[in-house]
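Below: the structure, in structure tokens.
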């Protein structure tokens, strides 16, 4: 499949009008229509319903393929930048890590530090913690945030940040640290049953009885927002996912007991020339606190 076809598909889903899309790609509507028909034949699925003067209506398959196309095109562009840049050029630094950490810790840190590195482009990639090491190696990036100290070939791995985990509850009904065994009094929400911080920290590590869950939502920031607007609701989150909300008084954060902190690690290539920048990254925890 041609990359241009992916670009056309993405463009048509965002703006499903043949005339505007044909102008954007400098081709006739007839040529665009033939390319679209060829793409549907190649994939074996209908991508658009024709609505006459009202333009096109993307099918669910088209919307899903457009999301995939966006990711592929971004990866392609990132790969091309790496190819065109010499290994020791200091203008580019690619790093991968979990979404909330990159948004709430790394990017605010970079906001305060980018003036000290005016010639450096920070290329941030997002990935689940369990896949960061794979993405780091496969994408040829410079560094990654890991949940374990892994022994990766040609990489150095050291502690970079300590997550503080705690019970997050509505400020109008604060969690009493002395009555954590009364979990039945609360409406608990958490991530999916496969990845569940409440079970991890309260049940397995704090040796408490399993609570009754009222909501599963695979988005830490969304969970924090839900708790902030619902009294008698609680969850377990790392502080950096909701620090601003806690500081604003919209949430109450009750740190868990001993052993409730988790260390994250920075892995970077041994031959990387950004020694000073790596040294600054290793102080992420200091700047956050």
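Picking from residues in the range 116-128 that are under 18 Å from the mean Cα position of the chain (by Cα) and not in a strand (DSSP E or B), the one that is surrounded by the fewest Cβ atoms within 10 Å (Cβ to Cβ) is 128.
Residues are listed down the side, and each one gets a yes or a no for (1) part of a loop (DSSP other than H, G, I, E, B); (2) in the same structural domain as residue 104 (by TED's automatic domain parsing); (3) within 22 Å of residue 273 (Cβ to Cβ):
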position: 130; (1), (2), (3): no, yes, no
position: 145; (1), (2), (3): no, yes, yes
position: 156; (1), (2), (3): no, no, yes
position: 167; (1), (2), (3): no, no, no
position: 172; (1), (2), (3): yes, no, no
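Of the residues 163, 150, 135, the single one that is part of a strand (DSSP E or B) and surrounded by fewer than 20 Cβ atoms within 10 Å (Cβ to Cβ) is 163. Here the condition is being surrounded by 15 or more Cβ atoms within 10 Å (Cβ to Cβ) and either touching a strand residue (DSSP E or B) at 6+ places or on another chain (Cβ under 7 Å) or without any contact (Cβ under 8 Å) to a residue 12 or more places away in the chain (or both); of 41, 62, 31, 69, it holds for 62 alone.
Somewhere in the range 243-259, is a residue outside any helix (DSSP H, G or I), within 24 Å of the chain's Cα centre (by Cα) and buried (at least 20 other Cβ atoms within 10 Å of the Cβ)? Yes, some residue in the range 243-259 is outside any helix (DSSP H, G or I), within 24 Å of the chain's Cα centre (by Cα) and buried (at least 20 other Cβ atoms within 10 Å of the Cβ).
Scanning the range 9-19 for residues that are free of Cβ contacts under 8 Å to residues at least 40 places away in the same chain and either surrounded by fewer than 15 Cβ atoms within 10 Å (Cβ to Cβ) or over 26 Å from the mean Cα position of the chain (by Cα) (or both) gives 15, 17, 18, 19.
The values are calculated or read from the model by the stated rules, or taken from the named source; none is laboratory data. Remember, it's a predicted structure, so these values are computed and weren't measured experimentally. Counting neighbours? That spans all protein chains shown, and the Cβs are built from the backbone with ideal geometry, glycine included.
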